[in-house]
Amino acid sequence: MTLTTAARFTGKSVLVTGGGSGIGRAVALAFAREGARVAVAGRTLSALAETVALIEQEGGTAVALVGSVSDATDAARLVEETVERLGALDVAVNNAGVLGGMGPIADIAEEEWRRVIDTNLTGTWLAMKHQITHLRANGGGAIVNISSNLGTHLRMENLGAYAVSKAAVATLTRSAARDHIADGVRINTVSPGPIDTTMSSRPGETASDKADRMKSNVPVGRAGAVEEVAAAVLHLASEESAFTVGADLVLDGGVTA
């Protein structure tokens, strides 16, 4: 599913964290289709290599970078390696995240709480910290963070740790956007709702069961496509959104309308 044939990012270098599957892979492919050189980062080389291969099959340029954004050394290195291997960093998309901490707030194990917060929130902060430092020293650029409609816009039972982490990402984005727009770094958020990935599936649920659940729970009648999220990310990263700073674009088919 390709939503655009434009070439808004020709000559640009883009770093996408969590680029080995799902939304991150779709975002990386979308940037490459619009002319960007793409660094896909994540913890699993085999998954990243698949994304790189898909981009190269379409004639694009991509590299795989293994690392965890929740590790300060890795977060810095991902920026350094992007610049070394692609020649620059113009756009960063912080998509790396985990779904965890399931259960009532009082019953979440401390180590699981820390795992979710360390990856989703602290990881996003560490990634942005090093991305912004590079961008403001090199003429500016754009950052798009992936949050969720869960958190700021919606709460659900037994997903408190995830919701807290994603609400914090949205607030972090707005704070960073105000702090660094004068540096030429423009920062926004995309907050997806139910998207057609493994993360939105329930244990043991069939594709038919999931489709029926989405039809009942989502006003538009279906889950979103990863390509639709990618289109929103590219819009916010492009010059079309030059006046958009600190926005939180919710894509959830009307769930929180």
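The residue of region 220-244 that is farthest from Ala167 (Cα to Cα), among those that are surrounded by fewer than 18 Cβ atoms within 10 Å (Cβ to Cβ) and among the β-branched types (Val, Ile, Thr), is Val220.
Only one entry in Arg174, Arg222, Arg178, Arg186 is over 15 Å from the mean Cα position of the chain (by Cα), farther than 18 Å from Gly101 by Cβ and part of a strand (DSSP E or B), namely Arg186. So, in region 40-59, of the ones that are out of contact with any Lys or Arg (no Cβ under 7 Å at 6 or more places or on another chain) and outside any helix (DSSP H, G or I), which residue ends up farthest from Glu80 (Cα to Cα)? Among those residues, the one meeting the criterion is Gly59. Looking across region 175-196 at every residue that is in contact (Cβ under 8 Å) with a residue 40 or more places away in the chain and surrounded by fewer than 19 Cβ atoms within 10 Å (Cβ to Cβ), the one that is nearest to Arg115 (Cα to Cα) is identified as Arg178. When Val69, Val63 are screened for being under 21 Å from Ala142 (Cα atoms) and either part of a strand (DSSP E or B) or small (Gly, Ala, Ser) (or both), only Val63 passes.
Residue count for region 66-104 under the criterion of being surrounded by fewer than 20 Cβ atoms within 10 Å (Cβ to Cβ), of a type in the set (A, V, I, L, M) and modelled with pLDDT of 95 or more: the result is 5. In a residue-by-residue description of region 137-152, the property of being of a type in the set (Ser, Thr, Tyr), over 20 Å from Phe31 (Cα atoms) and touching a strand residue (DSSP E or B) at 6+ places or on another chain (Cβ under 8 Å) applies to at least one position.
Yes or no, residue by residue, for (1) at pLDDT below 95; (2) over 27 Å from Ala7 (Cα atoms); (3) of a type outside the set (S, T, N, Q):
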| residue | (1), (2), (3) |
| --- | --- |
| Thr152 | yes, yes, no |
| Ala167 | no, yes, yes |
| Thr173 | no, no, no |
| Asp183 | no, no, yes |
| Val190 | no, no, yes |
| Ala211 | yes, yes, yes |
| Ala231 | no, no, yes |
| His235 | no, no, yes |
| Gly246 | no, no, yes |
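Residue by residue through region 29-46, note down the ones that are among the aliphatic types (A, V, I, L, M) and either in contact (Cβ under 8 Å) with a residue 60 or more places away in the chain or crowded, with 18+ Cβ neighbours inside 10 Å (or both). If the condition is that a residue be among the aliphatic types (A, V, I, L, M) and either in contact (Cβ under 8 Å) with a residue 60 or more places away in the chain or crowded, with 18+ Cβ neighbours inside 10 Å (or both), then Leu29, Ala30, Ala32, Ala36, Val38, Ala39, Val40, Ala41 are the ones that fit.
Note on region 11-66: residues that are closer than 21 Å to Val190 by Cβ and β-branched (Val, Ile, Thr) total 9. When the residues of region 192-209 are filtered to those that are of a type in the set (A, V, I, L, M, F, W, C) and at pLDDT below 85, the one that is farthest from Val93 (Cα to Cα) is Ala207.
Scanning region 229-256 for residues that are among the small types (Gly, Ala, Ser), within 14 Å of Gly141 (Cβ to Cβ) and over 15 Å from the mean Cα position of the chain (by Cα) turns up Ser238, Ser241, Ala242. For region 115-157, residues that are buried (at least 16 other Cβ atoms within 10 Å of the Cβ) and not in a loop (DSSP other than H, G, I, E, B) total 27. Contact map, region 206-219: first residue surrounded by 10 or more Cβ atoms within 10 Å (Cβ to Cβ), second residue among the hydroxyl-bearing types (Ser, Thr, Tyr) and in a helix (DSSP H, G or I), Cβ cut-off under 8 Å, separation 6 or more or different chains; pairs are Lys210/Ser200.
The values are calculated or read from the model by the stated rules, or taken from the named source; none is laboratory data. As the structure is a prediction and not an experimental result, all values here were calculated from the model. Neighbour counts run over all protein chains shown; Cβ positions are idealised from the backbone, glycine included.
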